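Asker: Here it is, the structure in full.
The values are calculated or read from the model by the stated rules, or taken from the named source; none is laboratory data. The structure displayed is predicted, hence computed values, not measured ones. Here the Cβ positions follow ideal geometry from the backbone for every residue, glycine too, while neighbour counts run over all protein chains shown. To get the accessible areas, we keep the full protein, side chains included, count just its heavy atoms, and leave off ligands, DNA and RNA. Shrake-Rupley method; radii C 1.70, N 1.55, O 1.52, S 1.80 Å.
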Amino acid sequence: MIALLIFLVVLICLLFIGTPIFISLGVSSIAVWFNSIGSLRPELILQKMFVGVDSFTLMAIPLFMLTGELMNSGGISKRLINFAQCIVGWIRGGLGFVVVVTCMFLAAILGSSSACSAMVGAVLIPAMRDRGYDDDFAGALVASSGGIGPLIPPSLPLLMYAVVAQQSVANLFLAGYVPGILIGIVFMIYTYFYARKHKYPAEAKPTVRQFFSAFGQALIPLGLPVIIMGGILTGVFTATESAVVAVIYCLIIGLFVYREIKIKDIPKVIVKAAKTTGMVLIVIATASVLSYVLTIARIPQTVTALITSITSSRIVFLLLVNIVLIICGMFLDAGCAIIILTPVFLPAANAMGVNPIFFGVMMTVNLMIGVLTPPVGLNLYVTSSIAKIDILKLSKAVLPFIYMLFGLILLMVIFPQIVTFML
């Protein structure tokens, strides 16, 4: 218990003063190391950091990062927005529906909440303003819908959980579709009634020719998630190999089909993806040291014993975990929180008979609330910057969407089969 308190105090203090997450993890790990082991062995720390990133599965992270950057530069957003408008734009509040559907499309390609919000917000928030939508609602819808990004595969948080928890990437990706699609449906239902109340207009119905033209333009980017998941689920290639296929596919699209990527642009795209990858992998490396130290200090066993002494109910346990996740999500991004908390809570979840695939998906859904809550709230800052909306007003406007996410989490806790029925 002393080791757990040392870890929490050091980590929270360092994060509070703005220390980078990887340094905070490293220093808190060393503090626990001194308490539990005594002597510090730098060579063992370096070895654990190396082993933490020496994973075939983790090779998918830089490749999916590169895929996202290539698709960002390849002009896909306008084609997907046009197709989404043909599908749902003619319903009352149609531009709001277009926001949600486009974010779902982009989630299946980019897997990034902030990228979804940035790409969709830049195009559709000005259009929604022109059609009489309130700024607060438009910004809140874009920020919240962008949160679907890490749920619909390929998902980096789910990939990180797969590595830390040693679970099947294919099963996690498959299970991630259900909550991602449910969130999209719930957001669209809310948008419809909000649009009726505020008399937001519907867009013109597309002609058959316009629909098939938009479908043809969107067909190529929409083929990417089919290739990724189809290959993984049929066993043609692994998640890492699917990332290689995705990079090649995006290069062909960008260079030869849409021709919106030039050869001279490729080094810049690679450097940008490499920088993002470096930030992720250094966190994973220091978190592997933390995982080792937590194991030596028997913190997972301590937490398991503490929780089981409080309750033997699976539902109560999951509710307690979700409360912790909500608090952590306000200060940590989803990937960091998963890396830190999975080794702590997963043994207790296993002891309670919780499906580890369900547990990973539940963690990811919960931590997506963090992109909508200050002080981190990345989607809030991205959308606020793009739309020039006051961050405090935007934080208030996203509350209905946060309540909907709470409702979905509660539904998942009570009926976990919602997530696992396809496995």
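Asker: Residue 314: accessible area at probe 1.4 Å, nearest 10 Å²?
Answerer: Roll a 1.4 Å probe over it and residue 314 shows about 70 Å².
Asker: Right, another one. How tilted is helix 314-329 with respect to the longest principal axis of the chain? Cα atoms for both, answer in degrees (0 to 90, nearest 10).
Answerer: Long axis of 314-329 versus the principal axis of the chain: about 80 degrees.
Asker: In addition: What nm value, rounded to one decimal, do you get for the distance between residue 423 and residue 312 when each label is placed 7 Å out toward the C-beta?
Answerer: Result for the modelled spin labels: 2.4 nm.
Asker: Right, next: So, with +1 on the Cβ of K and R and -1 on the Cβ of D and E, and no other charges, what is the size of the charge dipole of the chain about its Cα centre, to the nearest 20 debye? Before the final figure, lay out each step's value.
Answerer: Numbers: 23 positive and 13 negative charges, 154 e Å.
Once rounded to the nearest 20, the dipole reads 740 debye.
Asker: Label residue 9 and residue 270 with points 7 Å out from Cα along Cα→Cβ: what is the distance between them in nm?
Answerer: 4.9 nm
Asker: Sticking with this structure for a sec: Using the Karplus curve 6.51 cos²θ - 1.76 cosθ + 1.60 with θ = phi - 60°, work out ³J(HN,Hα) for each residue of segment 142-159 in order, rounded to whole Hz, and write x for Gly and Pro.
Answerer: 5, 4, 6, 5, x, x, 5, x, x, 9, 7, x, x, 10, 5, x, 5, 5
Asker: Once you list every other residue whose beta carbon is under 12 Å from the beta carbon of residue 261, what net charge do they have if Lys and Arg are +1 and Asp and Glu are -1? Intermediate values should be presented prior to the final figure.
Answerer: On the way: positive: 259, 262, 264, 268; negative: 69, 260, 265.
In short, +1.
Asker: Over the chain, with a Gaussian network built from C-alpha contacts below 10 Å, which listed residue (333, 135, 390) shows the highest mean-square fluctuation?
Answerer: Its mean-square fluctuation being the largest, the pick is 390.
Asker: So between residue 202 and residue 186, what do we pick up on full extension, going 0.36 nm a residue minus the alpha carbon distance?
Answerer: Values: separation 16, 0.36 × 16 = 5.76 nm, distance 1.89 nm.
That pair, residue 202 and residue 186, stretches by 3.9 nm at full extension.
Asker: So how many Å³ per residue does the convex hull of the Cα atoms of the chain work out to? Show your work: numbers first, answer last.
Answerer: Numbers: hull volume 60.0 nm³, N = 423.
Measuring per residue, one finds 142 Å³ for the Cα hull of the chain.
Asker: Between residue 136 and residue 219, what length comes free when the chain is fully extended (0.36 nm per residue of separation minus the Cα-Cα distance, one decimal in nm)? Walk me through the numbers on the way to the answer.
Answerer: Values: separation 83, 0.36 × 83 = 29.88 nm, distance 3.25 nm.
Here the segment from residue 136 to residue 219 would lengthen by 26.6 nm.
Asker: Sorted by mean Cβ packing within 10 Å, highest first, what order do the peptides 23-30, 405-412, 256-263 take? Kindly include the intermediate steps, with their values, before the conclusion.
Answerer: Values: 23-30: 21.5, 405-412: 17.0, 256-263: 12.6.
Ranked from most to least packed, the peptides come out as 23-30, 405-412, 256-263.
Asker: In a GNM of the chain with a 10 Å cut-off on Cα contacts, which of 148, 326, 296 has the highest mean-square fluctuation?
Answerer: 296
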